[in-house]
1. So for I196, I127, I389, fewest C-beta neighbours within 10 Å to most, what's the order?
2. Taking every pair of distinct Cα atoms and averaging 1/r, then inverting, what Kirkwood hydrodynamic radius in Å comes out for segment 135-205?
3. Please determine, in degrees from 0 to 90 and to the nearest 10, the orientation of helix 77-91 with respect to the longest principal axis defined by the Cα atoms of the chain, where the helix direction is its Cα long axis.
4. For every other residue with a beta carbon closer than 12 angstrom to the beta carbon of T500, add +1 if it is Lys or Arg and -1 if Asp or Glu, then tell me the sum.
5. Report, please, the projected area of segment 259-316 averaged over directions, based on the convex hull of its C-alpha atoms, in nm².
6. Over segment 59-163, with a single point scatterer placed on each C-alpha, what log10 of the ratio I(q)/I(0) does the Debye formula yield at q = 0.11, 0.19, 0.20 1/Å?
7. Provide, in order from the shortest bin, the percent of all Cα-Cα pairs of the chain in each 10 Å bin, continuing until the bin that contains the maximum pair distance.
8. Taking the 0 to 90 degree range and rounding to the nearest ten, how far is the long axis of helix 301-315 tilted relative to the main principal axis of the chain, both from C-alpha atoms?
Amino acid sequence: MKTFIIAKFIHTFAKPYIFFLVFSLVFSACLSSEKNNQSENQNENQSETVVQAAEESFAIPAPDINLANPLEISQKPEDAALAKTIDEIIEQSEFANARWGVFVVSLKDGRVLVSKDARKLFNPASIQKVLTSVVALDKLGADFRWKTSVFAQNQIEADGSLNSDLIIYGTGAPDFDNDALENLASQLQAKGLKHIKGNLIGDDSFFKGDTIGDGWTWNDLQWHYAAEASALTFKENQAGIFMHEGKPTASTDYMQIHGELKPIQNGESEGFGIKRGLEDNQLYVWGKGDKAYGRISVHNPALWTAKALKESLEKKGITIEGEAKSVDWKTDDKFDVSVAVELASIESKTLAEIVNRMNKHSVNVYGELILRTLGKKFGYIAPDESRQIQEIRGDDSAGASVIKKWLREQKVATDEIQIRDGSGLSRLDFVTPEAFGRALIFAAQSNFADVFKDSLPIAGTDGTLGGRLWKAKGKILAKTGSITFVNSLTGYAQAPNNETFAFAIICNNVTRKSDSSRIIDAIAGSLLDNNLQSPENREEKSKK
């Protein structure tokens, strides 16, 4: 059994770490509890003006590039110099033995400035979300919303009683949370509901297939970034662990904690471990210390949602004879909601807003729910090569086929790429750097160009680039990626001469103690340095 000894519990989006515990500065910045979420939201509101100003100042021109034509490598001396500079950055770094792919293309004229193994396959990590975003925005539309409903077999009686089960039914809304649940409960109360004679059921059956991604590693599954993709997702299917009155406690009683942290003796190090079963919500905590925090994925969020709705209704004075249960696509006796009575419903935020949060903060479960939504709605137009697989595949697999087919048809990528999930956590995703550059060109030419652009983290300003690329502050918009042995970055760079580049930088086989993000940032920064002066000024300077 593999265990995790946590030192600083660092917010990563795709990999577990093993550290010795140092909490003096980390605890207050650790991952969100309810209180930390409120503080984070306040900080986001305060910086909204700054972010908006940065987005407005970064105007991506609508390029006129035909992706059906080959993208030609530039022969300009200054572009060749940039390619050489990037080679030198890599070769002189401690990551020279890693595997690098770099692609840089100008949106002004479509010339390729840099193509370093750009047509070879790499594991992309979380920049995979760029492909998921572009395909979803194109096929679903920026205004698309998910619906969550409450159904029953019967209408509410005049005396307020309901002579059937009450079913909360999800269709994949990524942002369904406490506020949305309370909204549904209030709607039921307003309709006069007073007593439920049946059970309260969380129905997860809208999506068929696996709730975890193809190619995810088992030891990721307990962490928040590997949360299950449930059609009835609740609070992003994650919960917090923190210390309360000297004991480890979960943010919801849906998770049960066993074990304890022992006091630190003189000279001892502080450290703790967390272990969650693969198919339960039993947590075991061990180690020494008085400060601990972590974010854990919640198993069977449909049941969690049902329990939460039951508790909310009971607080409103509505009595329930039955118990909270859950069903999924494999359940034989689930009720057919297509012939049920809809008693309440709520819609999610728009896809534009969902994509914004997904890309700014690299929320994996959002990517997985978008993937399954694409599979559910469009899987029929992306058949599998095998008829047998076509008949039995899940919406996750169908969604991957939809994305791959779209990329091929739009001349973004070829058949040899592999798409296995929507978030990039999979070890089985393989995409070329050029495919990302082409996807960025398509997005810049699309009717959702601004929506997509605004979803990307801004260098030195917000999202996962808030603490990176300070020298390029506001001049680079890009999605980050990181899983064990992989770092990546893809997006747009705005040079001082107002020429805009689409770029992708991917580093695989990063086996050193540190990751290669610093070198990736140096490469991205060089895109701006390359055009600090005109070719004439560069020549003049060289003479001096």
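1. On the way: I196 25, I127 30, I389 12.
Ascending number of Cβ neighbours within 10 Å: I389, I196, I127.
2. Details: mean 1/r = 0.0727 Å⁻¹.
The Cα-based Kirkwood calculation yields 13.8 Å.
3. 60 degrees
4. Values: positive: K108, K453, K475; negative: D109, E499.
Residues near T500 contribute +1 overall.
5. Details: hull surface 21.6 nm².
In nm², the orientation-averaged hull projection of segment 259-316 is 5.4.
6. -0.58, -1.17, -1.21
7. With a bin width of 10 Å, the distribution comes to 4, 17, 26, 25, 17, 8, 3, 1, 0, 0.
8. 50 degrees
Each reported figure results from applying straightforward, stated rules to the coordinates on display, with no laboratory input. What you see is a predicted model, and the numbers here were worked out from it, not measured in a lab. With ideal geometry, Cβ positions are generated from the backbone for all residues, glycine too; neighbour counts draw on all protein chains shown.
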